[in-house]
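Below is one structure, written out as structure tokens; comments come after it.
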Amino acid sequence: MKNPRIQKPSAWRRIAAPIAWLIVGAGLAPATHAADTSPAQQLERFSVQAGAPGQPERGRVLFTTRQGGEWSCASCHGNPPTAPGKHAGTGKAIEPLAPAANPKAFTDTAKVDKWLRRNCNDVLKRECSAGEKADLLAYLQTLAR
Ligand code: HEC
């Protein structure tokens, strides 16, 4: 015969243990969608991929000049991008891109990747190379507010 008084603690543990692990896991797991990185870490990431440190001056030239298309990066983000930008197509406001002027810039790896892919395709008609991304990041991090 089963005694419900004995079963109760183990049933509780069956429920409580996974919940406890969920709470622990949520605290320890790196958030993949927000505030998981920093501008310095992104510069490091692209420099390692490129096998060379980013060069700010090359990044500045890439950022501020058109690359055969209608827009440069500065067309939407401004020159220098230390103030809010304005989308060249829609007119929508864009938060400043320079980390010195926007503490949220380059703090979300997925966002960085998504927008670099989209914006490089807009401006260069192809994805940016790791070296170009390192140059861009190096440039943006030289900017002061
Ligand atoms: C047609 C307009 C446009 C052009 C041109 C453009 N961008 Fe953007 N960019 C945007 C918009 C809009 C966002 C999203 C802003 C937001 O959500 O805060 C963005 C976001 C970004 C982000 C993400 C920033 C973050 O918060 O981490 C990066 C990096 C970026 N752009 C780089 C570039 C670079 C480099 C170029 C040139 C190759 C470029 N952009 C050209 C419109 C543009």
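A few notes on this one:
- Scanning the stretch 74-90 for residues that are within 6 Å of the ligand (Cβ to nearest atom), of a type in the set (A, V, I, L, M, F, W, C) and under 17 Å from N102 (Cα atoms) gives a single hit, C76.
- E95 vs. criteria within 10 Å of the ligand (Cβ to nearest atom), farther than 13 Å from Q141 by Cα, among the charged types (D, E, K, R) and over 18 Å from the mean Cα position of the chain (by Cα): no
- Pairs, first under 22 Å from G78 (Cβ atoms) in the stretch 113-129, second assigned to a helix (DSSP H, G or I) and hydroxyl-bearing (S, T, Y), C-beta under 9 Å, six or more apart: V123/S75
Only the coordinates and a few stated rules stand behind these numbers; no lab work does. Fair warning: this is a prediction, and the values are worked out from it, not measured in the lab. Because the Cβ atoms are built from the backbone with ideal geometry, glycine has one as well, and the counts that use them run over all protein chains shown.
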